[in-house]
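The values are calculated or read from the model by the stated rules, or taken from the named source; none is laboratory data. Bear in mind that the values here come from a model prediction, so they are computed numbers and not experimental data. Positions of Cβ are backbone-derived with ideal geometry, glycine not excepted, and every protein chain shown enters the neighbour counts. Protein only, heavy atoms only, side chains kept; ligands, DNA and RNA dropped before computing areas. Shrake-Rupley method; radii C 1.70, N 1.55, O 1.52, S 1.80 Å.
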Amino acid sequence: MGDAGQSEPAYKTLANELRSQIVAGKYAGGVRLPTEVELSQEYALSRQTVRRAFLELVTEGAVYRVPGRGTFATENAGQYLRQLGSIEDLMNLSTDTEMQVLESPARRVDLEAAGRLRLDTDVVYRIVFQRFHDGVPFVVTTVSWPEPVARLVIDAPEVEQGAISDHTMIGLLEPHLADPIEECAQSITATTADATTADRLGCPVGHTVLRVDRLYTDSRGRAVELAVSHFLPEHYTYRVTLRRSGI
């Protein structure tokens, strides 16, 4: 793990290893994770490196630390957890998940999507993709774009059917926009999986899923993307930190 030629920092490699062990259930039921000293000796790493790995896991909510007792996996640590509070957080899904395109961008008549994108036409471009964490599919997303926006990325290899990458759609799109994405209006509801969604997520038809709708607008207030996602609740936890105003 400590080889100088590895492609990522040692603390990230250790964090990934611990994360995989947590997901596999090694530390379920209140079992304490190894201490910094134990991990430092086991993986031949400095305690500072181990501490950074723990900090990453604490920040994402995979573990919590109890002074004098040790470090423990959170109750939902077997799920994919992402704390979101900004547009940048949404773009950073690409850091630890993988996207596979199920349907490449195609021109479609969609009255609902066109209306939500505030278009003066009923035509949108739609792309459907799946996202994986550690090889497990946890969400299927349908993205609708206005035609001028779709034209910016429609020929990119990352949006071809079957393409696999670590991109997010807004991360792929924004460098080509004249004005940056400034706002995301989000709604979350519980619903059930239809036959197509169930097949793609590997769950039964009628299974409860989490629907998350996100409408992205640029700095001039123009809608540039509508993303409708269906998440498997057993593989995904959504967390937002709320703070009092004025503090």
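Which of the residues spanning the range 220-247 are modelled with pLDDT under 90 and either among the aliphatic types (A, V, I, L, M) or outside any strand (DSSP E or B) (or both)?
Across the range 220-247, the qualifying residues are LEU232, PRO233, GLU234, HIS235, VAL240, THR241, LEU242, ARG243, ARG244, SER245, GLY246, ILE247.
Run LEU39 past the list (1) assigned to a loop (DSSP other than H, G, I, E, B); (2) at pLDDT 90 or above and report the number of the one that doesn't hold.
Of the numbered conditions (1) assigned to a loop (DSSP other than H, G, I, E, B); (2) at pLDDT 90 or above, the odd one out for LEU39 is (1).
With respect to the numbered conditions (1) acidic (Asp, Glu); (2) buried (at least 16 other Cβ atoms within 10 Å of the Cβ); (3) within 18 Å of ARG211 (Cβ to Cβ), which one is the sole condition not fulfilled by GLU112?
(2)
Given the criterion of a type in the set (Gly, Ala, Ser), touching a strand residue (DSSP E or B) at 6+ places or on another chain (Cβ under 8 Å) and either modelled with pLDDT of 95 or more or not in a loop (DSSP other than H, G, I, E, B) (or both), identify the matching residue among ALA185, ALA198.
Unique residue meeting the criteria: ALA185.
Would you point out the residue of the range 30-56, among those that are among the charged types (D, E, K, R) and either touching a residue at least 12 places away in the same chain (Cβ under 8 Å) or in contact with a Leu (Cβ under 8 Å, 6 or more places away or on another chain) (or both), that is surrounded by the fewest Cβ atoms within 10 Å (Cβ to Cβ)?
Initially, the range 30-56 is screened for residues among the charged types (D, E, K, R), giving 32, 36, 38, 42, 47, 51-52, 56.
So of that shortlist, the ones also either touching a residue at least 12 places away in the same chain (Cβ under 8 Å) or in contact with a Leu (Cβ under 8 Å, 6 or more places away or on another chain) (or both) come out as 32, 36, 51-52, 56.
Details: ARG32: 12, GLU36: 19, ARG51: 15, ARG52: 17, GLU56: 18.
For the range 30-56, the residue satisfying everything is ARG32.
I need every pair where a residue in the range 203-224 that is in contact (Cβ under 8 Å) with a residue 40 or more places away in the chain and farther than 15 Å from PRO146 by Cβ has its Cβ under 7 Å from the Cβ of a residue that is acidic (Asp, Glu) and open to solvent by 50 Å² or more (accessible area, probe 1.4 Å), sequence separation at least 6 or different chains.
Note: pairs meeting the criteria are SER219/GLU182.
Could you list all residues from the range 140-191 that are surrounded by 15 or more Cβ atoms within 10 Å (Cβ to Cβ), of a type in the set (A, V, I, L, M, F, W, C) and over 14 Å from ARG214 (Cα atoms)?
Matches in the range 140-191: VAL149, ALA150, LEU152, VAL153, ILE154, ALA156, VAL159, ALA163, LEU172, LEU173, LEU177.
Against the conditions (1) modelled with pLDDT of 80 or more; (2) part of a strand (DSSP E or B); (3) open to solvent by 20 Å² or more (accessible area, probe 1.4 Å); (4) of a type outside the set (Phe, Trp, Tyr), where does THR217 fall short? Just the number, please.
(3)
Among the listed residues PRO148, PRO175, PRO157, which satisfies the condition of being within 20 Å of the chain's Cα centre (by Cα) and free of Cβ contacts under 8 Å to residues at least 12 places away in the same chain? Let's see the steps before the verdict.
On the way: PRO148 fails: within 20 Å of the chain's Cα centre (by Cα); PRO157 fails: within 20 Å of the chain's Cα centre (by Cα).
Just one listed residue meets the conditions, PRO175.
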